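Have a look at the structure below, then the notes.
The values are calculated or read from the model by the stated rules, or taken from the named source; none is laboratory data. All values reported here derive from a predicted model rather than from experimental measurement. Because the Cβ atoms are built from the backbone with ideal geometry, glycine has one as well, and the counts that use them run over all protein chains shown.
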Protein chains: 2
Amino acid sequence: MSFLQACRCEPVERTPVWFMRQAGRSLPEYRALRRDGDILDAVRTPEIAVELTLQPVRRYGVDAAILFSDIVVPLVGVGVDIKVLPGRGPVLDPPFRDASDLDRLRPLEPESDLAPVLETARLLAGELDVPLIGFAGAPFTLASYLIEGGPSRNFARTKALMHAEPTLWHRLCSALADIALATLRAEVGAGAGAVQLFDSWAGSLSRPEYLRYALPYSRTILDGLRDVGVPRIHFGVGTGELLDLMAQAGADVVGIDWRVSLPDASARVGEGIALQGNLDPALCLAPPEVVEAATREVLAEAKTLPGHVFNLGHGVLPDTDPGVLQAVVDLVHEETAR
Amino acid sequence: MSFLQACRCEPVERTPVWFMRQAGRSLPEYRALRRDGDILDAVRTPEIAVELTLQPVRRYGVDAAILFSDIVVPLVGVGVDIKVLPGRGPVLDPPFRDASDLDRLRPLEPESDLAPVLETARLLAGELDVPLIGFAGAPFTLASYLIEGGPSRNFARTKALMHAEPTLWHRLCSALADIALATLRAEVGAGAGAVQLFDSWAGSLSRPEYLRYALPYSRTILDGLRDVGVPRIHFGVGTGELLDLMAQAGADVVGIDWRVSLPDASARVGEGIALQGNLDPALCLAPPEVVEAATREVLAEAKTLPGHVFNLGHGVLPDTDPGVLQAVVDLVHEETAR
C-alpha cells in the first residue's frame with residue numbers, strides 16, 4: 001500500500017506510480033473492448049467498467065487503480081444532457097446561460113443516480129490488491145463545460161459569468177460542489193481508498209479569480225471529505241501560480257505538471273503535503289532513452305519531498321506506446337526500492 | 001511617444017496602450033476589407049496591409065501600431081509551403097521530420113523575400129504618428145508549427161525531436177533564429193521603432209527545456225538587435241515559470257498574461273525591465289463594468305513598475321466588441337495622465 005503511505009507522507013517501500021488516463025486509448029485491450037462505443041455507455045456497464053479499470057493495473061503493475069468514469073458522469077446522473085464526443089470531450093447544447101439553467105441541476109442521489117458507478121467500485125474492491133481512486137470534477141472545471149457547451153481555449157463565457165453574475169456563479173458552483181462531494185463520499189463508501197479532485201482547467205484563472213470563484217467550492221468538497229479519512233489529491237494543469245491555494249483548499253496531495261519542478265512545487269504547497277507528478281506526457285512519445293532520462297530526473301527531484309506519487313503531469317496521450325509506460329513503472333519501482 | 005519611453009523605463013505622460021491582434025476580426029472594417037481572402041495575400045499586398053495596420057490606430061487612438069503580418073510570413077518567404085487557415089492557424093503538410101527537411105529552409109534575403117512587408121512598413125512610417133512594432137516568431141514557437149504541421153495542444157513531436165535529436169534541433173533553431181533576426185533588422189530598417197518576439201507557446205516547456213532548447217536561439221535574435229537601439233519586447237503565454245529567463249534572453253520589455261500579477265512578474269524579470277500586459281482578453285467579452293474594474297486593477301498593480309505598456313495578456317478575441325476596447329484605451333489614458 002505504498003500509494004496510500006506516500007499520499008500521507010509516510011515512509012514507503014518504494015515510490016508508488018500510476019498514470020492519469022492509464023485506462024485509455026493507448027492500450028490495445030482498451031480499444032478492443034471499447035471500440036467505437038459511447039464512453040458513457042461503458043461507464044454505465046459495470047462489467048465493462050471493471051475490466052477497463054483493471055486493464056492497466058494488470059498490464060503495468062501500477063500502485064493504484066482509478067475508477068473508469070468521467071467527470072461529467074454525476075451531471076449526466078442528475079439529468080444534464082451532456083454527450084462525450086470522441087476526440088472532442090464533453091459537449092452540451094444548449095449550454096447554461098442564466099438562472100433558469102440552475103433548474104437543470106438537482107441534488108445528486110448517488111445510490112440511484114450513480115448506481116452503475118458504485119456497483120463498479122464495489123466489484124473492483126473485491127478484485128483489486130491496490131487502492132482504488134475515486135474522482136470528481138471541481139466546480140470551476142465542471143461549470144466551464146456547462147457554460148461553454150464544450151471544451152474551451154479561453155473560458156470567456158465562464159469568466160464573464162463569474163465576474164458579471166457572482167450570485168448565479170455562487171449558486172451554480174455550490175450545486176456542483178454538493179454533487180461532487182456526494183459523488184466522492186459515495187465512491188469511498190463503495191470502496192475507493194483515495195479520491196482525486198480534477199480542477200483541470202483552473203490554471204486559466206488569475207489568482208484573484210481562483211481565490212474568489214474556484215477555491216471556496218473546491219474547499220467545500222475537500223473539507224467535506226475530511227471525516228472520511230482517505231487521501232485527497234487535488235490536480236490541475238498549468239497551476240504553478242495557484243499551488244499554495246490548491247493545497248489550502250484542503251488537499252493531502254497536490255498534483256502538478258512539468259512546468260514546475262518538484263522542489264519548487266513542494267515549497268509552494270507547504271509542509272506536510274505530498275506531491276503527485278510530474279513527467280511530461282508528451283515526452284512519453286519520445287524515444288525510450290529520453291523517457292528514461294526524464295523519469296530519472298523526476299525521481300532525483302523527488303528525493304527531498306515528504307511524499308511522492310509518481311505520475312504524469314497530465315493524462316496519457318492516446319498515441320503513447322504502452323511499452324514506454326511499462327518501462328517507466330519498472331524504472332520507478334527499481335530505482336526507489338528501499 | 002509614451003510607448004517607447006515606457007519600454008525604456010523612462011517617465012511617460014500617460015501609460016501607453018496597444019492590443020495584440022488589434023488589427024483583426026473584432027473590427028468590422030477589418031472584416032469588410034479582408035472578407036474571406038487568404039491572410040497571406042493581404043500581407044503580400046502593401047496597400048491592404050497598410051490599411052489593416054492603420055485601422056485600429058485610427059479607431060482606438062492606441063499608442064503603437066503593429067505591422068499587419070504573421071509569424072510564418074518569413075518562412076513562407078524562404079519557400080516553406082505553409083498555409084494559414086481561418087480559425088485554425090498555420091498548417092504545413094508534410095511537416096518537418098528529419099535532417100533532410102532543413103533543406104526546406106534557406107537564409108532569408110529580406111529585401112526580396114519580404115519585399116511587400118518592408119514596403120508596408122515604409123509606407124506606414126510615412127503615415128503613422130505612433131511607433132510601428134515589427135515582430136517575428138521565436139525559434140521554439142516557429143519550430144513547433146513546422147514539426148507538428150499545425151497548432152498543437154501538447155507539442156509531443158516537437159519535444160520528442162528536441163530531446164532525441166539535439167543536433168538537428170540546434171540546426172533547425174539556428175536557421176530559424178537567423179531568419180527571425182534578419183526579419184526584425186529589416187523591419188527596423190524599414191521604419192519599425194520597436195520589435196516584439198513572439199514565443200507564444202514557450203509556456204508549454206519546463207524550465208530545463210526552455211533553458212536548453214529555446215533560450216539560446218531567442219537570445220541570438222534579441223542580442224543581435226542590441227546595436228539597432230529599438231526596444232525589444234519578449235512575449236509568451238503561461239510563462240510565469242520562465243519570466244526571469246525570458247528577460248535574461250535580452251528583452252527590454254517582457255509581455256505577461258493575467259496568470260501572474262504585474263508586481264510578481266516585475267520581481268521575476270528583475271530591475272530595469274518594463275512589463276507589457278496583462279488584462280485577460282476573455283474578460284473583454286464580459287459586461288463593460290467588469291472590463292472597467294479589471295482594467296483599473298491592472299493599472300493599480302502597475303503603479304510600482306519601472307515601465308508599463310498596457311496590453312492584453314494574449315490577442316484580442318474575434319468576438320470582442322470594439323466599443324469595449326475603446327473604453328479600455330480611454331480609461332487607461334484618462335487614469336494615467338500626468
Yes or no: A:LEU299 in contact with a helix residue (DSSP H, G or I) (Cβ under 6 Å, 6 or more places away or on another chain), within 8 Å of another protein chain (Cβ to nearest Cβ) and modelled with pLDDT of 95 or more? no
If you scan region B:302-329, which residues turn out to be within 21 Å of B:ARG31 (Cβ to Cβ) and within 14 Å of chain A (Cβ to nearest Cβ)? B:LEU312, B:HIS314, B:GLY315, B:VAL316, B:LEU317, B:PRO318, B:ASP319, B:THR320, B:ASP321, B:VAL324
Considering every residue within region B:187-198, establish whether at least one is within 23 Å of B:HIS308 (Cα to Cα), within 14 Å of chain A (Cβ to nearest Cβ) and either touching a strand residue (DSSP E or B) at 6+ places or on another chain (Cβ under 7 Å) or part of a loop (DSSP other than H, G, I, E, B) (or both). no
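Looking for whichever is in contact with a helix residue (DSSP H, G or I) (Cβ under 7 Å, 6 or more places away or on another chain), surrounded by fewer than 19 Cβ atoms within 10 Å (Cβ to Cβ) and either of a type in the set (Lys, Arg) or within 12 Å of chain B (Cβ to nearest Cβ) (or both) here; the options are A:SER152, A:SER174. Which one fits?
Of A:SER152, A:SER174, the one residue that is in contact with a helix residue (DSSP H, G or I) (Cβ under 7 Å, 6 or more places away or on another chain), surrounded by fewer than 19 Cβ atoms within 10 Å (Cβ to Cβ) and either of a type in the set (Lys, Arg) or within 12 Å of chain B (Cβ to nearest Cβ) (or both) is A:SER152.
Out of curiosity, is A:VAL237 in contact (Cβ under 8 Å) with a residue 40 or more places away in the chain and within 14 Å of chain B (Cβ to nearest Cβ)?
Numbers: in contact (Cβ under 8 Å) with a residue 40 or more places away in the chain: yes; within 14 Å of chain B (Cβ to nearest Cβ): yes.
The answer is yes for A:VAL237.
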Looking only at region B:114-137, decide whether some residue is modelled with pLDDT of 95 or more, aromatic (Phe, Trp, Tyr) and in a loop (DSSP other than H, G, I, E, B). no
Among the residues of region A:77-90, which ones are farther than 17 Å from A:LEU52 by Cβ, of a type outside the set (Lys, Arg) and over 18 Å from the mean Cα position of the chain (by Cα)? A:GLY77, A:VAL78, A:GLY79, A:VAL80, A:ASP81, A:ILE82, A:LEU85, A:GLY87
Among (1) in contact with a Leu (Cβ under 8 Å, 6 or more places away or on another chain); (2) among the charged types (D, E, K, R); (3) in a loop (DSSP other than H, G, I, E, B), the one test that B:ARG106 misses: (1)
Taking region B:253-267 and keeping only residues that are more than 11 Å from every other protein chain (Cβ to nearest Cβ) and either among the charged types (D, E, K, R) or without any contact (Cβ under 8 Å) to a residue 24 or more places away in the chain (or both), one is left with B:VAL254, B:ALA267
From the set of residues in region A:268-283 that are farther than 17 Å from A:GLU241 by Cβ and either acidic (Asp, Glu) or within 12 Å of chain B (Cβ to nearest Cβ) (or both), which is farthest from the chain's Cα centre (by Cα)? A:GLU271
If you check every pair at least six apart or on different chains, which have Cβ atoms under 8 Å apart with a residue in region A:1-21 that is outside any loop (DSSP other than H, G, I, E, B) first and a residue that is polar (S, T, N, Q) and crowded, with 19+ Cβ neighbours inside 10 Å second? A:SER2/A:THR15; A:ALA6/A:THR15; A:VAL17/A:ASN311
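On the basis of being over 19 Å from A:GLN5 (Cα atoms), out of contact with any strand residue (DSSP E or B) (no Cβ under 6 Å at 6 or more places or on another chain) and away from every other protein chain (no Cβ under 12 Å), does A:ALA286 make the cut?
Taking the combined requirement at face value, the residue does not satisfy it.
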Scanning region B:202-224 residue by residue, the ones that are away from every other protein chain (no Cβ under 12 Å) and either buried (at least 22 other Cβ atoms within 10 Å of the Cβ) or in contact with a Phe, Trp or Tyr (Cβ under 8 Å, 6 or more places away or on another chain) (or both) total 7
Residue ID - nearest to B:HIS308 (Cα to Cα), chosen from residues in region B:18-42 that are touching a strand residue (DSSP E or B) at 6+ places or on another chain (Cβ under 9 Å) and buried (at least 16 other Cβ atoms within 10 Å of the Cβ): B:TRP18
Residue list for region A:221-243, filter: over 18 Å from the mean Cα position of the chain (by Cα) and under 14 Å from B:GLY240 (Cβ atoms): A:GLU241
A:MET246 passes all but one of the listed conditions (1) more than 12 Å from every other protein chain (Cβ to nearest Cβ); (2) in contact with a Lys or Arg (Cβ under 7 Å, 6 or more places away or on another chain); the exception is number (2)
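From the set of residues in region B:156-171 that are of a type in the set (D, E, K, R) and under 29 Å from B:ILE233 (Cβ atoms), which is farthest from the other protein chains (Cβ to nearest Cβ)?
So, considering only residues that are of a type in the set (D, E, K, R) and under 29 Å from B:ILE233 (Cβ atoms), the one farthest from the other protein chains (Cβ to nearest Cβ) is B:ARG171.
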Of the conditions (1) in contact (Cβ under 8 Å) with a residue 40 or more places away in the chain; (2) not in a loop (DSSP other than H, G, I, E, B), B:GLY203 clears all except one; give me its number. (1)
